[in-house]
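Reading through the structure tokens given below for one structure.
The values are calculated or read from the model by the stated rules, or taken from the named source; none is laboratory data. Fair warning: this is a prediction, and the values are worked out from it, not measured in the lab. All Cβ positions, glycine included, derive from the backbone under ideal geometry; neighbour counts span all protein chains shown.
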Amino acid sequence: MRALFIGGTGIISEAVSKLAVAKGIDLHLLNRGNRSIYFPDGAKVIQGDIRDKAAVTEALRKYDFDVVVDWIAFTPEHVQTDLQLFKEKTGQYIFISSASAYQKPSTDYIITESTPLSNPFWQYSRDKIACEELLIDEYRSNGFPATIVRPSLTYGRQMIPAALNSWQKPWSIIDRMRKGKKIIVHGDGTSLWTITHNTDLAKGFVGLMGNSKAIGHAFHITSDEVLTWNMIYELIGKAAGVKPDIIHIASDFISKLSPDSYGSLIGDKAESAIFDNSKIKRFVPEFKATVGFEQGVRKSVEWFQAHPELCVVDHEWDEMMDKIIDRYCNIID
């Protein structure tokens, strides 16, 4: 199988790339080369930027692929470009959507692939929904071989997963815990959430690659482990070797002081998320999530500690956490 990953070095795609190569897939990465530390041994790199359509058209002119996966398509315009580039060049196109596209607020506590797609709180999610609609219309009208995957919160060695953490500098939450600073947990911390290790998601994902039965279908791929946010933060603290000093603050209050967190919080993590994985298990019978969060987050912390150059703090984020806490404490006092 010859596959093209557009990107391929992100939090999720890094693990999928490694497993794909290990399974004997002839993997090519269309990549700008800025994150070469995450290139898997055995993958072939095609230097390029997918946003430069003319240059990519030329770079891929001599190639055809059994599978194309775009890890960095976020808007219908991105997908439209892919349709033009790959309509005659692939046997399957896999789009990375998001579980945040599912109905918010949910009318059922169990999320399946048939749960309606609707998120009035987050533009990111609405764009993913629009991308899905474009692809499904192209599949229905012209037979374009699309498969949709909707990951939920997924982490690995590159990420310390928390509802409130710096996306670019994820060590920030560990630094804050170890300094004994208060850690914000949204709401009362008892809502339920599912966090998936990237090596687990990779098992289901690679099983969909080249799987003709998956064309025209959408899947989420998550762990079956369900935790409260209080438990999640306690386990992050345990991995860091400390007991976090948790303060509970309402999601609405947080998002008013930190508007950038509104979509991710109100439009996603403030809701409970429990997923029914029956469909991916039916299409990929060997799929089983085996990395519990306690084990996985410990591995993430250990990896960062082995790479001290990455243990950097987002001071702007840290100051925002202090601002939210100070304002909240002044009100309740």
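Just for region 1-17: of the residues that are buried (at least 23 other Cβ atoms within 10 Å of the Cβ) and more than 13 Å from the chain's Cα centre (by Cα), which one is farthest from LYS169 (Cα to Cα)?
ALA3
Among the residues of region 280-321, what is the count of those that are within 28 Å of LYS128 (Cα to Cα) and touching a Phe, Trp or Tyr at 6+ places or on another chain (Cβ under 6 Å)?
2
Which of the residues spanning region 155-208 are of a type in the set (Ser, Thr, Tyr), part of a loop (DSSP other than H, G, I, E, B), touching a helix residue (DSSP H, G or I) at 6+ places or on another chain (Cβ under 7 Å) and farther than 20 Å from TRP317 by Cα?
Of everything in region 155-208, those that are of a type in the set (Ser, Thr, Tyr), part of a loop (DSSP other than H, G, I, E, B), touching a helix residue (DSSP H, G or I) at 6+ places or on another chain (Cβ under 7 Å) and farther than 20 Å from TRP317 by Cα turn out to be THR190, SER191.
Results for (1) surrounded by fewer than 22 Cβ atoms within 10 Å (Cβ to Cβ); (2) at positive phi, shown as yes or no for each residue.
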position: LEU135; (1), (2): no, no
position: ARG140; (1), (2): yes, no
position: GLY143; (1), (2): yes, yes
position: ALA146; (1), (2): no, no
position: PRO151; (1), (2): yes, no
position: THR154; (1), (2): no, no
position: PRO161; (1), (2): no, no
position: LYS169; (1), (2): yes, no
position: ASP175; (1), (2): yes, no
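Taking region 209-239 as the search range and keeping residues that are among the aliphatic types (A, V, I, L, M) and not in a helix (DSSP H, G or I), which one is surrounded by the most Cβ atoms within 10 Å (Cβ to Cβ)? Please lay out each step first, then the result.
Within region 209-239, the first condition is being among the aliphatic types (A, V, I, L, M), and the residues that meet it are 209, 214-215, 218, 221, 226-227, 231-232, 235-236, 239.
Going one step further and asking which of them are not in a helix (DSSP H, G or I), we end up with 209, 215, 218, 221, 226-227.
On the way: MET209: 22, ILE215: 17, ALA218: 20, ILE221: 28, VAL226: 15, LEU227: 18.
If we take residues in region 209-239 being among the aliphatic types (A, V, I, L, M) and not in a helix (DSSP H, G or I), then ILE221 is surrounded by the most Cβ atoms within 10 Å (Cβ to Cβ).
Would you check if there is a residue in region 166-182 being outside the structural domain of GLN92 (by TED's automatic domain parsing) and among the hydroxyl-bearing types (Ser, Thr, Tyr)?
yes
To keep it simple, each residue is scored yes or no on (1) out of contact with any Leu (no Cβ under 9 Å at 6 or more places or on another chain); (2) farther than 19 Å from SER191 by Cβ; (3) of a type outside the set (S, T, N, Q); (4) not in a loop (DSSP other than H, G, I, E, B).
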position	(1), (2), (3), (4)
LEU265	no, no, yes, yes
ARG282	yes, yes, yes, yes
ARG298	no, yes, yes, yes
VAL301	yes, yes, yes, yes
VAL312	yes, yes, yes, no
ASP326	yes, yes, yes, yes
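Just to be sure before I move on: is ILE37 in contact with a strand residue (DSSP E or B) (Cβ under 8 Å, 6 or more places away or on another chain) and in the same structural domain as MET209 (by TED's automatic domain parsing) in the structure I sent?
So ILE37 fails the test.
On the given criteria, is VAL242 part of a helix (DSSP H, G or I), of a type in the set (A, V, I, L, M) and either in contact with a Lys or Arg (Cβ under 9 Å, 6 or more places away or on another chain) or outside the structural domain of GLN295 (by TED's automatic domain parsing) (or both)?
Taking the combined requirement at face value, the residue does not satisfy it.
Which one of these is surrounded by fewer than 23 Cβ atoms within 10 Å (Cβ to Cβ), in the same structural domain as PRO145 (by TED's automatic domain parsing), of a type in the set (Asp, Glu) and touching a His at 6+ places or on another chain (Cβ under 7 Å): GLU113, GLU77?
From the options GLU113, GLU77, the qualifying one is GLU113.
For region 185-208, enumerate the residues that are of a type outside the set (A, V, I, L, M, F, W, C) and either free of Cβ contacts under 8 Å to residues at least 24 places away in the same chain or buried (at least 23 other Cβ atoms within 10 Å of the Cβ) (or both).
THR194, THR196, HIS197, ASN198, ASP200, GLY204
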